[in-house]
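Encoded as structure tokens, the structure appears first; notes follow it.
The values are calculated or read from the model by the stated rules, or taken from the named source; none is laboratory data. These numbers were taken from a predicted model, which means no experiment stands behind them. Cβ atoms come from the backbone with ideal geometry, glycine included; neighbour counts cover every protein chain shown. SASA here: full protein model, heavy atoms, side chains in, ligands and nucleic acids out. Shrake-Rupley method; radii C 1.70, N 1.55, O 1.52, S 1.80 Å.
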Amino acid sequence: MTGSTGISILAAAGSEGGGAAIGQVIGMTVVAVIIGAALCWLGYLHRARKITWVNSVAEYAGRKFKRPPWVAVPMALFIATLICALFGFIWDVSLHIGKGRDPGPLANPAHYFILVGLFLLFVAGCAAIILPYEKPGPFAVRITKDWYAPVGGFLMAGCGLYALTGFPLDDVWHRIFGQDVTLWGPTHLMMIGGAGFSTISALLLEYEGDRAMGADKPKDGVFLKSIRYLGFGGVIIGLSVFQIEFDFGVPQFRQVFEPMLIAAAGAFGLVAARMMLGRFAAILAALFAIALRGLVALVVGPILGSPINWFALYLGGALVVELVALTPLFKRPLVFGAVSGLLVSTVGLWLESFWVDAVYHYPWPSSLWPEALMMAVPVAVLTGVCGAMFGMVLTDQRLPRRAIGIGLVALTVLVIGGATANGLRYEVPQNATATMTLTEAPGSAPDKRMVTADVRINPPGLISEDANWVSVLGWQGGLANERGIFVDRLERLGPGHYRSTQPMPVYGKWKTLLRVHDGRIFTAVPIFLAGDPGIGAPEIPAQATMTRPFVPEITILQRERNPDTPMVLWTVGGLVVLVCTLIMIGGLTWGAGRINRREPTDSKTELQPSAQA
Amino acid sequence: MTTDADVVILAHHSLLLAIPAFVPAFIVAGVVAYIAMKDRRNRDGSHSEETESTGQDN
């Protein structure tokens, strides 16, 4: 199967006039090899001290940004490249929602932004490793006798490598399992997670630069100060990448994940920001995150004509973190982190819910809260504690004993794993059907059929009054047709009886379905699915009256998946990705611990804070 | 299953697309790791006065 897919890909390239596309791939490979080789050669010449201009440029950047050269260059590169990757990522998701899977290797321009962004992320980390001639700060890792590299550089390059590892694994994954058109494919999570977590490495590198300069460090101007707030805004955005499907209104997993993910990201980023940058830092970090996400959303949606996305504001969480920081709890970082996490996941989420209810396709019903809190509170308390430990590292406070620190990180990972396992559980009702009566919408063009539906769910008592959603989703309809996405939450007329509030598309390439989510029930009924010869799927037509059974939503939304793959392969694949992820988290934990614990070995650094438990 | 030669499963092609990015990255990471390992091995033999600074802190 794998072999034949390999052959058919070449055939596909040939059959769709892809000779040019293959040419482009080869061209791009050649260009990339030249750039890569040039960078390596530069690195070698610089390390061998055969050229001086790289050092001069780096020192100029260092003076300009008031940082050591090995911080200034990587950070400038890092900020640019991560914004590039963020834009590519959001645009890519929106294109997949609006158009479906990629018709060919180079048909999706967003991939270039992601690929270049992640590659330069790795290059930024390497720059921090390669640039310093002298030992970069007291925590540096020895490579050879006269080559030391900052911990943050290693972590940044490591995050980049982790993200890039996602690419080959993704390809293997798709060949085994078929394409899964969801963000939450394990390999997709590696790519976005690597970029997301790299923001933590950047802040650690920045801190190392601070320590290396010691008392000589000039004061930052307004621009450089705001970059620091942007850094924490970046952490919040970086940890929010897992929510993107909710942001676009096409969540393929249960709604309880949304508040949990918001609380987890918010507690970590906001607590650390407040600890490091002082008063109003949490609010400013949230505002910077809003500005950046807003800008990207504006470019992707209104300007490029792709589906619109919203984003969590984190202002409620920021407010409660600021308030907790005014109490004496602030002097005890771990308690501060835990209490902040608790409040972010309760009061913060409640405040956030007003925003979600106002702009998101799916507001949070009251029935969501019990389970949402059960998942969000423990997770956010622990990510709040981790955020506090991160803040302690960044503010020269001694971390708790090593076993406690590592234990807390491990516990956080376990609790997130447990909450995720719970979130992934869903039920598809047996023997339930939906009877739909379609009415042609007046004035719809003959080749663009639009209908409204009257829906009766049997048995009528299946869905409670306060369901998460009973809605019609249409997607992949093509950007020219309403951006290729359609979401209509149905109006409830009585038990099991619902009605459209606007005409839905049932033509062309659209995939239109009735989605039902009520607590653990998570299911769907196809209304109209365009034929897809590429995967051998026939069209499912929208008949005037039809009764269809409820099925697992994944069979409709991800028709590309290969259903015949044995479960064992899925488990093995998941485990490979899990191991890579644990290595990355372990690496970040190690780096933060090293920066915090290592006794300074050079005379420049003074002022090690006294040990405290 | 598809039988038509013109209509095939189109994977992401991400391997093809990503080779220029991830292969050099792995090579660089490997080379740096190799240099560091070699240096450490040499040092163990020749007893340098430098302080130990492997990955693990103490």
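Here are some notes:
- Global form of the stretch A:411-464, assessed from the alpha-carbon gyration tensor, a/c cut-off 1.5: oblate
- Set of the stretch A:46-87 residues, backbone N closer than 13 Å to the point 7 Å along the Cα-Cβ line of A:PHE280: none
- Its DSSP H runs of at least 4 residues, each contributing -39,500 (n - 2.57), put the calculated 222 nm mean residue ellipticity of chain A at -19000 deg cm²/dmol, to the nearest 500.
- Cα-based convex hull, the stretch A:410-526, per residue volume (Å³, whole number): 127
- Restriction of the trypsin sites (Lys or Arg not before Pro) in the stretch A:136-177 to DSSP coil positions whose beta-carbon has at most 15 other beta-carbons within 10 angstrom yields A:LYS145.
- Placing dummy labels 7 Å off each Cα toward the beta-carbon, the span from A:GLU427 to A:THR555 is 1.8 nm.
- Placing R0 at 56 angstrom, the Cβ-Cβ distance between A:ILE51 and A:ALA410 gives a FRET efficiency of 0.80 after rounding to 0.05.
- The slack in the chain from A:PHE330 to A:ARG63, taken as 0.36 nm per residue of separation less the alpha-carbon distance, amounts to 92.6 nm.
- Estimated inter-spin distance, A:ALA537 and A:SER367, nm [label 7 Å along Cα→Cβ]: 2.7
- Per-residue Karplus couplings for the stretch A:181-195, computed as 6.51 cos²θ - 1.76 cosθ + 1.60 with θ equal to phi - 60°, are listed in order as 7, 9, 5, 8, x, x, 6, 4, 4, 5, 4, 6, x, x, 5 Hz, Gly and Pro entered as x.
- One quarter of the surface of the convex hull around the alpha-carbon atoms of the stretch A:161-278 equals 9.1 nm², the direction-averaged projected area.
- Principal axis extents of the Cα atoms in the protein assembly as shown, from largest to smallest and rounded to whole angstrom, are 83, 62, 45.
- ³J(HN,Hα), Karplus 6.51/-1.76/1.60, whole Hz, each residue of the stretch A:72-85, x for Gly, Pro: 4, 5, x, 5, 4, 5, 4, 4, 4, 6, 6, 5, 4, 5
- Global geometry of the stretch A:253-329, whether rounded, prolate or oblate, following the gyration tensor of its Cα atoms and the 1.5 cut on a/c: oblate
- Amide proton proximity set for A:ASP532, modelled H, under 5 Å, gap of 5+: A:ALA537, A:GLU539
- Fully extending the segment from A:SER444 to A:THR501 would add 18.9 nm, taking 0.36 nm per residue of separation and subtracting the current Cα-Cα distance.
- If you wrap the Cα atoms of the stretch A:218-265 in a convex hull and average its projected area over all directions, you get 4.1 nm².
- List A:GLU206, A:GLU59, A:GLU371, ordered by accessible area with a 1.4 Å probe, largest first: A:GLU59, A:GLU371, A:GLU206
- Shape of the stretch A:247-394 from the C-alpha gyration tensor: oblate (a/c of 1.5 or more and a/b not above b/c, with a ≥ b ≥ c the square roots of its eigenvalues).
- Peptide-level mean, for A:30-42, of C-beta atoms on other protein chains within 10 Å: 2
- Computed accessible area, A:VAL393, all protein chains, 1.4 angstrom probe, square angstrom: 0
- Distance (nanometres) between label positions extended 7 Å along Cα→Cβ at A:LYS219 and B:MET37: 5.0
- Contour minus Cα-Cα distance for A:VAL568 and A:LEU493 (0.36 nm per residue): 22.5 nm
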